[in-house]
2 protein chains.
Amino acid sequence: MLDLTTDVVSLTTALVDIESVSRNEKQLADVVFAALQDVSHLTVTRYGNTVVARTHLGRAERVVVAGHLDTVPYADNLPAKLEGTRLYGLGACDMKGGVAVALRLAASVAEPVRDVTYVFYDCEEIEAERNGLGQLARKSPEVLAGDFAVLMEPTSAQVEGGCQGTLRVDVLVSGKRSHSARSWMGVNAIHGAGAVLARLAEYEPRQVPIDGLVYREGLNAVGISGGVAGNVIPDECRVTLNYRFAPDLSEEQAFAHVREVFHDYEVALLDSAPAAMPGLSHPAAAAFVEAVEAEPRPKFGWTDVARFTELRVPAVNYGPGDPMLAHTKDEFVEVEELRQCEARMRRWL
Amino acid sequence: MLDLTTDVVSLTTALVDIESVSRNEKQLADVVFAALQDVSHLTVTRYGNTVVARTHLGRAERVVVAGHLDTVPYADNLPAKLEGTRLYGLGACDMKGGVAVALRLAASVAEPVRDVTYVFYDCEEIEAERNGLGQLARKSPEVLAGDFAVLMEPTSAQVEGGCQGTLRVDVLVSGKRSHSARSWMGVNAIHGAGAVLARLAEYEPRQVPIDGLVYREGLNAVGISGGVAGNVIPDECRVTLNYRFAPDLSEEQAFAHVREVFHDYEVALLDSAPAAMPGLSHPAAAAFVEAVEAEPRPKFGWTDVARFTELRVPAVNYGPGDPMLAHTKDEFVEVEELRQCEARMRRWL
């Protein structure tokens, strides 16, 4: 059993020590569900290994506080270990610290000024279709309804607004195959890809201000492949690009931009995910930013805040832990950040 | 049993109809060995599936006439089929037509003006270490001794002198890994490879005259690979180059040249094979060129003539069949070329 009345550092330690690598969240979801069921001011519902707890105070606003229960694979980094000011262990940073803060608030803030929906979900670290928040958004979007959402991903206790969108395309360069001993009979597609790479090297990514945040884009090759055999002039070379785009573009607009940059090549879309607007102009968001005393920054990586944007819920990332430590063997969270996040969010609610 | 007294077209047909895809040459080697053993003016020796037949007339010069018995894999192109002026079938072009010409000469030219060593060998179409001529060169080089050699690869009955050398290297481009959402934190190695490709596109290959032949070189990318994951700025890109070099360069000199062109990159040698000098200044070679009434041309692809060069035996390619048809499903040989090659080589011997 989890003790939600203990301090946030002990609670984080307890959460880390219940291993919950993606697809193995059942035990952790069980104890989270049981602990929240004991809290009289909450209504608790379970969807698979996703647990949702809600207050019902009839407030004018409702906010969502969400965090994922799963972690990346074990890397000889359990059990949790407190060393000086740092708590080490699998998921300490990404994101059991944030989950501990949310559980503490859920259990102890009985009369928040805004109604709150707490969401603890599974399968964030693996393929998108398994994502518990995504499944909830598709099957029961009303559960996620609200005026504003906080996703407790590690941000070093800074407010990171919205997130960039991302899309991947293949740019195909064609040539004409020939024997490499008679290379002048062919057209070398790999040599041809040099012009694609030069265009990427010269490309100047946009820096887009939105709600006072500057989103810095990027258009990059993340893969290249070409070649038939060691004695053949290749007739095809494939450059895989990743475009990280600011929230002023839809996925369709972003793809159109990449096609325009490479208008003289065949461009095939591989996958894409939408950007998320920071939504900092909403009153609940402004109150949040003021309460947590953080200067908002743009979020560059794609996160689940985009799922809230698709449901028209403005959302930010805010949580304890340095995002650069996420997915590292030696991830840790500063205990001071845990306490600070809890105190400031408590003030907001 | 093979009938070596039949005409060269019938003999080629019989050879094609004995399937001898690489590693399956035993049956063909058996019948070739048996047929040559019946020829009283020849001494016949067998080395695995390689058959060697020699005249011993005490002539001032000895020449080597060689051809491989194997073919590339079956492609629904057996049995042999005569259509108009063309004989179709697996190996008709590469190179059972040439083998038939050599067998006809071996059986019927009892008193050549030069002593002749006929070599029929296995495993030319697969990995180099299996090559029957190469094995003979390593284990019993004295068997291949001579003043001049003719390799009966398809050349459309033209004399193709020597051959280019070939080497492969990897050019490595380094960068610095980062998350693609923060691409400005990294250095994209694939973008960096653009400069390698631009240098290749601008490279002006040499055209080198030797013995009146012009060897046209080539320096080409034959492969490229790079990329860590769809969301990572890659820290390495590998460009595989193939340099086809003229016979005035040794393998070492050729490698030094490539290192010089890419002096500012890490260059790793993958493999190499030496070029072969045409050797057309040798009297036996001059007599051959005159007898076959062909204007010598340079050979661009690497062939087993280079094995003779390593044994200090000048060598040329000469045989029936269009080299562009080699390894194609619909390969054929013009019957007129079969007859012409036989008649002209008979005149030479």
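Computed from label points 7 Å out along Cα-Cβ, the spacing between B:Arg138 and A:Ser281 is 7.6 nm. A label point on A:Tyr203, set 7 Å along the Cα-to-Cβ line, lies at 2.7 nm from each of its counterparts in the other copies, closest listed first. Centre-to-centre separation between the Cα atoms of the range B:11-49 and those of the range A:175-254: 53 Å. With contacts taken as Cα pairs under 8 Å at a separation of at least 6 residues, chain B carries a relative contact order of 24 percent.
Using DSSP to call loops (not H, G, I, E or B), can you name the trypsin sites (Lys or Arg not before Pro) in the range B:293-349 whose Cβ has at most 14 other Cβ atoms within 10 angstrom? Walk me through the numbers on the way to the answer.
Details: sites: B:Lys299, B:Arg307, B:Arg312, B:Lys329, B:Arg339, B:Arg344, B:Arg346, B:Arg347; in loops: B:Lys299, B:Arg312, B:Lys329.
Answer in residue order: B:Arg312, B:Lys329.
Residues of the range A:48-77 with an amide N closer than 19 Å to a point placed 7 Å from the Cα of A:Arg23 along the Cα-to-Cβ direction: A:48-50, A:69-76. With label points set 7 Å from Cα along Cα→Cβ, the inter-copy distances at B:Pro141 are 8.0 nm, sorted shortest first. In order along the range A:55-72, phi translates into HN-Hα couplings of 8, 9, 9, x, 6, 5, 10, 10, 10, 10, 10, 10, x, 9, 8, 8, 10, 5 Hz, rounded to whole numbers, per the Karplus curve 6.51 cos²θ - 1.76 cosθ + 1.60 with θ = phi - 60° and x for Gly and Pro.
Between B:Ala256 and B:Arg347, what FRET efficiency comes out of the Förster formula 1/(1 + (r/R0)^6) with R0 = 41 Å and r the beta carbon distance, rounded to 0.05?
0.40
By the helix-only formula, in which each DSSP H run with n ≥ 4 contributes -39500 (n - 2.57) and the sum is divided by residues, chain B has a 222 nm mean residue ellipticity of -8500 deg cm²/dmol. Each residue of the range B:115-121 was assigned a 3J(HN,Hα) from its phi angle through the Karplus curve 6.51 cos²θ - 1.76 cosθ + 1.60 (θ = phi - 60°); the sequence is 5, 10, 10, 9, 10, 10, 10 Hz, with glycine and proline shown as x.
Could you tell me what a quarter of the Cα convex hull surface of the range B:265-332 works out to, in nm² with one decimal place?
On the way: hull surface 29.6 nm².
Averaged projected hull area, Cα only: 7.4 nm².
Pairs spanning more than 24 Å between alpha-carbon atoms, out of A:Lys299/B:Lys176; A:Lys81/A:Lys329; A:Lys139/A:Lys329; A:Lys81/A:Lys299; A:Lys176/B:Lys96; B:Lys26/B:Lys299: A:Lys139/A:Lys329; A:Lys81/A:Lys299; A:Lys176/B:Lys96; B:Lys26/B:Lys299. Here the range A:165-273 is treated with +1 on each Lys and Arg Cβ and -1 on each Asp and Glu Cβ, and its dipole about the Cα centre works out to around 540 debye.
Can you put B:Glu142, A:Glu125 in order of Cβ neighbours within 10 angstrom, beginning with the fewest? Could you put the intermediate results ahead of the total?
Details: B:Glu142 7, A:Glu125 20.
Least crowded to most crowded, the residues run B:Glu142, A:Glu125.
Full extension of the segment from B:Glu127 to B:Tyr74, taken as 0.36 nm per residue of separation minus the current Cα-Cα distance, would add 17.3 nm.
Counting from the shortest, the label point at A:Asp330, 7 Å from Cα toward Cβ, is 6.6 nm from the same position in each remaining copy. Give me the base-10 log of I(q)/I(0) for chain A at each q in 0.09 Å⁻¹, Debye formula, one uniform scatterer per Cα, rounded to two decimals. Each listed q maps to, in turn, -0.55.
Across every pair of non-identical alpha carbons in the range B:165-273, the mean reciprocal distance, once inverted, gives a Kirkwood radius of 15.0 Å. Stokes-Einstein diffusion for the protein assembly as shown at 25 °C, viscosity 0.890 mPa s, with a Kirkwood radius from C-alpha pairs, works out to 81 µm²/s.
In plain terms, the chain from A:Glu61 to A:Asp30 could stretch by 8.2 nm, reckoned as 0.36 nm per residue minus the Cα-Cα distance.
Could you tell me the calculated FRET efficiency between A:Leu311 and A:Lys176, based on Cβ-Cβ distance and R0 = 41 angstrom, to the nearest 0.05? Numbers along the way, then the final one.
Working: r = 50 Å, r/R0 = 1.23.
My answer for the efficiency is 0.25.
The spacing between the range B:61-117 and the range B:275-349, judged by their C-alpha centroids, is 12 Å. Charging the Cβ of each Asp and Glu at -1 and of each Lys and Arg at +1, and nothing else, the dipole of chain B about its Cα centre rounds to 520 debye. Between A:Pro298, A:Pro323, A:Pro205, the GNM of chain A built on Cα springs shorter than 10 angstrom shows A:Pro205 fluctuating the most. Annotation: amide H of B:Ile210 within the under-5 Å range of B:Tyr215, sequence separation 5 or more or interchain, hydrogens built in the peptide plane. Overall, the protein assembly as shown carries a charge dipole of about 60 debye about its Cα centre when +1 sits on the Cβ of Lys and Arg and -1 on the Cβ of Asp and Glu, all other atoms neutral.
Each reported figure results from applying straightforward, stated rules to the coordinates on display, with no laboratory input. These figures come from a predicted structure and were not determined experimentally. Note: ideal-geometry Cβ built from the backbone for every residue, glycine included; neighbour counts use all protein chains shown.
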